[in-house]
1. Would a scan of segment 350-360 turn up a residue that is hydroxyl-bearing (S, T, Y), in a loop (DSSP other than H, G, I, E, B) and in contact (Cβ under 8 Å) with a residue 24 or more places away in the chain?
2. Just give me the residues in segment 54-74 being closer than 19 Å to Q89 by Cβ, among the aliphatic types (A, V, I, L, M) and touching a residue at least 60 places away in the same chain (Cβ under 8 Å), in sequence order.
3. Restricting to segment 89-101, give me the number of residues that are closer than 17 Å to P214 by Cβ and either touching a His at 6+ places or on another chain (Cβ under 7 Å) or in a loop (DSSP other than H, G, I, E, B) (or both).
4. Within segment 169-212, which residues are closer than 24 Å to S408 by Cα, open to solvent by less than 50 Å² (accessible area, probe 1.4 Å), among the hydroxyl-bearing types (S, T, Y) and in a helix (DSSP H, G or I)?
5. Would you call L39 crowded, with 23+ Cβ neighbours inside 10 Å and either over 24 Å from N210 (Cβ atoms) or hydrophobic (A, V, I, L, M, F, W, C) (or both)?
6. Just checking, which of G73, G79 is closer than 21 Å to H363 by Cβ, at pLDDT 95 or above, out of contact with any Cys (no Cβ under 6 Å at 6 or more places or on another chain) and open to solvent by 10 Å² or more (accessible area, probe 1.4 Å)?
7. For segment 381-418, which residues satisfy the criterion of being open to solvent by 30 Å² or more (accessible area, probe 1.4 Å) and in a helix (DSSP H, G or I)?
8. Can you tell me which condition G86 does not meet? The list is (1) surrounded by fewer than 21 Cβ atoms within 10 Å (Cβ to Cβ); (2) in a loop (DSSP other than H, G, I, E, B), and all the others hold.
Amino acid sequence: METSSPLTGGAVRESSGVPDVFDPRVHAAGIPHDRFRALRDHAPVAWQEEPEILGWPAGPGFWAVTRHADVVGVLKDPGTYSSCLGATQIRDPDPADLPFIRRMMLNQDPPGHGRLRRLVSRAFTPGRIERFAVTARERARSLLAEAVADGGGTDLVRAVTDDYALLNLTDLLGVPASDQGLLHTWTERVIAYQDPDEPPVLDAGGRPVNPRSPAMLAEMFGYAQELAAYKRAHPADDVMSVLAVSELADAELEMFFFLLTVAGNDTVRSAAPGGLLALAEHPDEQRRWWDGTVGADTAVDELLRVHPPVLSFRRTAATDTGLAGQAIRRGDKVVVFHASANHDERVFRDPHRLDLGRSPNPHVSFGDGPHVCLGAHFARLQLRVLHEEVRRACGGLELAGQPRRLVSNFINGLKSLPVRLREPSAPRR
């Protein structure tokens, strides 16, 4: 198939001359801003090939959506761009697995999606979330104290942010701390499946098994049912106690446990070190934060803008349509790139400059439309608390080596963040 590419002109092979933003290894070097800029300027809806990469089979290709307005338009129009038809990952699931995957709220369209969202949102009350703030602050303070005691040089991912995110999640869900290792294992299996450090599970034919398939999630689902049964007998002030006695069917509860475990952990797990990396790379803005001349809410949102935890999400065209002058056919995959939208010069003035006081800041790091992140308030709270406690614990931070990034075209993750923590400065009056 051929199409006209504004990057090269005329009829060309679909991938010819178009920057590749599909290959997970491209994102392992950091957000590919030069490629996204070229796409935004010349091919805001561009066809991407899906070759076989890292052992995963080739796919049919997809449309990459990179401008802010078009990303928001896709996310706000579930009637045209469905989360249900092909689910929300770039790679097509096995057709036999698709009915199973569609049980998750993330992979549903209105009105079914709205029913599930309303049921679960009852557990995310502002009061419950705020009560977790005290525990989160104590945890951040304790983890940072240990990091500072190590002599000022540390890997913040290993020493602070991984445990901070995971233990906060276990508190929110009501998972015993002794089981946190299970949640970590399950999350790694799903999120890091493209990374060579997380070798894939292979089937009898030597092909990698989708980590979201029924076979790979059976252990997690069994645990979810055991935990729900325990919460019915021993309710507490946590999310699983609420969900265990809700109107959710067993299969729906299992899928919610999966969604909350993976998304609830990895949103903060990715955003926290990403924000700290941005501060280390921008000493002037770091100084503004340490001096208290910018507010916590705007600072957190700007750090989320420059380092969104999620790089992309997929939709499937439910009908023939058009987007940014490009004809989209029913059944085509349409993938929005949050990291590109967050740096769109049409929306953000000087988008590659970190400005902790930026306002307004309409980033799409938590999505938009009916699927906007259900736990966004909880994530912002955790990030605000962490950054406040980092500021309290030390006088600043600077890079002590190259960060290591997750190999993924989905999660904008950091595997290590070596830094030096400066001595605390004099307390502000």
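The values are calculated or read from the model by the stated rules, or taken from the named source; none is laboratory data. Everything numeric in this text was worked out from a predicted model, so none of it was measured. Cβ placement follows ideal geometry from the backbone for every residue including glycine, while neighbour counts extend to all protein chains displayed. What goes into the accessible areas is simple: the full protein's heavy atoms, side chains included, and nothing from ligands, DNA or RNA. Shrake-Rupley method; radii C 1.70, N 1.55, O 1.52, S 1.80 Å.
1. To start, the set of residues in segment 350-360 that are hydroxyl-bearing (S, T, Y) comprises 359.
Narrowing further to those that are in a loop (DSSP other than H, G, I, E, B): 359.
Still in the list and also in contact (Cβ under 8 Å) with a residue 24 or more places away in the chain: 359.
Yes: one or more hits.
2. Of the residues in segment 54-74, the ones closer than 19 Å to Q89 by Cβ are 54-66, 71, 74.
Within this subset, residues satisfying the condition of being among the aliphatic types (A, V, I, L, M) are 54, 58, 64-65, 71, 74.
Listed by number, the residues that qualify are L54, A64, V65, V71, V74.
3. We begin by selecting, within segment 89-101, every residue closer than 17 Å to P214 by Cβ; these are 89, 91-101.
Next, from what is left, pick out any that are either touching a His at 6+ places or on another chain (Cβ under 7 Å) or in a loop (DSSP other than H, G, I, E, B) (or both): 89, 91-97.
Residues in segment 89-101 being closer than 17 Å to P214 by Cβ and either touching a His at 6+ places or on another chain (Cβ under 7 Å) or in a loop (DSSP other than H, G, I, E, B) (or both): 8 in total.
4. Scanning segment 169-212 gives a single hit, T187.
5. yes
6. So the residue among G73, G79 that is closer than 21 Å to H363 by Cβ, at pLDDT 95 or above, out of contact with any Cys (no Cβ under 6 Å at 6 or more places or on another chain) and open to solvent by 10 Å² or more (accessible area, probe 1.4 Å) is G73.
7. Within segment 381-418, R384, E388, R391, R392 meet the criteria.
8. (1)
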